[in-house]
Amino acid sequence: MSKSTKLQDAEKVVDLLNPEAIMKINFAKILQKKLTNIEPVIKNKIIQKMADLLDTKTIKKTQAELYLKHYTHDEIKDTLKFYNSKTGKKILEQGPKLILELATAIELWSIDELKKNNEKIMAIVNEAWQEYYKNNPSQLDKIEKITTKQEFALAYAISKGWSDDLTKLTTDQMAEIMSQETWEKLK
C-alpha cells in the first residue's frame, strides 16, 4: 500500500467538500442579480447551462494549496477521517444547502440592517462629503453644482441595499429615488 502525500490528501479533502456545488450556487446567485427582466423559467435555464460551463479545476487546486499552507499532513489526515465518519458525511451532504441558507439569511439581515440604519448611513455619507469639501474647498462649487443629487441618489441606493452603481438600478428604483417624498428627506 503506497503512502499518500500531503498534497494527495489535501486534494481528497477538497473532493469530499464538493466545492463545485458551492461555486455553482454562488455563480447562480450572481447571475440571478445580473439577469433582470427575463422570464424566470428562461433565466433558470440560462443559469443552469452557464453553471455547467464552470471550470472548477483552478479553484480546487487553490483550495488544496490553502490546505497545504494552513494544515499539517496529520491535520489533513484527521480531516479526512472526520469527513468519512457518519457526522462528517452528514456535514458534507448538508453543507451546500446550509451555506445557501446562511448566505440568504445574511443577505436579508444586511438589507434589514441597511434599512434600519438608513438615516445613520445618510448622515455618515453626508459627513464624509462634508469632510471632503472641508479638505478640498476648491472642489466645493464644482462638485456641489454637478453631483449633489447624484451623491444623494447613490447614498440612497446603497442604503436600500440595491446597488453601489446607479447605472444598475431598475426603473422602479430610480423612480423611488426621484420621488418627491424621497427628496423631502434630503431637506
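The values are calculated or read from the model by the stated rules, or taken from the named source; none is laboratory data. Note that the coordinates shown come from a computational prediction; the quantities given were computed from them, not determined experimentally. Please note: Cβ atoms are built from the backbone with ideal geometry, for glycine as well, and neighbour counts cover all protein chains shown.
Under 6 Å between Cβ atoms, at least 6 apart or on separate chains: pull out the pairs that start in region 38-65 with a residue that is within 20 Å of residue 5 (Cα to Cα) and end on any residue that is in a helix (DSSP H, G or I) and at pLDDT 85 or above.
These pairs meet every condition: 60/14; 63/14; 64/10; 64/11; 64/14.
Where in region 1-115 are there helices (runs of 4 or more DSSP H), lying wholly inside it, with at least 3 residues that are in contact with a Lys or Arg (Cβ under 7 Å, 6 or more places away or on another chain), more than 30 Å from residue 172 (Cα to Cα) and modelled with pLDDT of 85 or more?
By residue number, 73-83.
Could you please let me know if residue 54 is farther than 22 Å from residue 81 by Cβ and surrounded by 11 or more Cβ atoms within 10 Å (Cβ to Cβ)?
For residue 54, the condition - farther than 22 Å from residue 81 by Cβ and surrounded by 11 or more Cβ atoms within 10 Å (Cβ to Cβ) - is met.
Return the only residue of 186, 169, 154 being at negative phi and either assigned by TED's automatic domain parsing to the domain that holds residue 31 or modelled with pLDDT under 70 (or both).
Unique residue meeting the criteria: 186.
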